[in-house]
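To keep things clear, I will list the structure first and then write my remarks on it.
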Amino acid sequence: MPTLIRRTSAEVWVDASTVDLTGESLVTEFEPDWTATGLVDADPDGDGARILCGQEIGDIVVTTELWDDAPPLTADGLQDVAEVSIAWRSAFMDFGTTDSGEDPTKRLEVPGPGDYRLRVHGHNRDDGDPREDDDPAEEYLIQVWPAPLDKPATVKSTSETATLWRKQ
């Protein structure tokens, strides 16, 4: 039975429609291919990953979980769920997007460099851009676990955002 090792959650400022998962450099520079999942892509060089958001700019909620093995799959109530693999080069994953990475709530410590699987769940991706105060917050759950490299997988894709990008 898979075990949850640690969990962190934070409000994150999104700019340019993406949340970047970065390592020690706090920078990832690659052109993501959104056509595979419409949600997430990993840098083939292991320098990071990007999550495609429904809004271009604003606050979203990001929760990350580190598991010792593939966690149970839950897609109920979520718009999009996709998985990608990454050969990670750092001892943490930072998802602060605009700060210097010093906020520990915006960083997930991992066992170290190695091969990982990322499962990203997206919710409220189509609920306005820009968001009004009464619009629901865009939310993401990122589950991470050690796993051999494998091809991207789309588990669920129902948002207009994912549909738009997967058609390109």
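Ranked from highest to lowest mean number of other Cβ atoms within 10 Å per residue, what is the order of the peptides 13-23, 37-47? Kindly include the intermediate steps, with their values, before the conclusion.
On the way: 13-23: 19.2, 37-47: 22.5.
The peptides rank, most packed first, as 37-47, 13-23.
Within the range 17-168, what percent of beta bridges assigned by DSSP are antiparallel, to the nearest 5?
Details: 33 of 39 bridges.
That works out to approximately 85 percent antiparallel.
Through the Karplus equation 6.51 cos²θ - 1.76 cosθ + 1.60, θ set to phi - 60°, convert the phi angles of the range 70-81 into ³J(HN,Hα) values in whole Hz; use x for Gly and Pro.
Karplus values, whole Hz, x for Gly and Pro: 4, x, x, 7, 10, 10, 4, x, 10, 7, 9, 9.
Which value, in debye to the nearest 20, gives the size of the charge dipole of the chain about its Cα centre, when Lys and Arg are +1 and Asp and Glu are -1 at the Cβ?
Working: 14 positive and 36 negative charges, 155 e Å.
Taking the Cα centre of the chain as origin, the dipole is about 740 debye.
Rounded to whole Å, give me the distance from the Cα center of the range 111-155 to that of the range 18-72.
Here the two parts' Cα centres lie 7 Å apart.
Using the Cβ atoms and a cut-off under 10 Å, what net charge is assigned to the surroundings of Ala49, where Lys and Arg are +1 and Asp and Glu are -1?
Numbers: positive: Arg50; negative: Asp20, Asp41, Asp43, Asp47.
With Lys, Arg at +1 and Asp, Glu at -1, the net is -3.
Peptides 69-75, 120-126: what's the order by average Cβ count within 10 Å, highest mean first?
Details: 69-75: 12.6, 120-126: 22.7.
By packing density, highest mean first, the sequence is 120-126, 69-75.
Counting only Cα atoms, I'd like the Rg/Rh figure for the range 4-161, Kirkwood definition for Rh.
Values: Rg = 14.2 Å, Rh = 15.4 Å.
Rounded to two decimals, Rg/Rh equals 0.93.
If I model a spin label at Leu149 and Leu73 as a point 7 Å from the Cα along the Cα→Cβ vector, what separation in nanometres do I get?
About 2.3 nm, to one decimal.
Readers should treat all values here as calculations from the given coordinates under stated rules, not as data from a laboratory. Worth saying up front: this structure is predicted, and the values here are computed from it rather than measured. Positions of Cβ are generated from backbone atoms using ideal geometry, with glycine treated the same way; all protein chains shown enter the neighbour counts.
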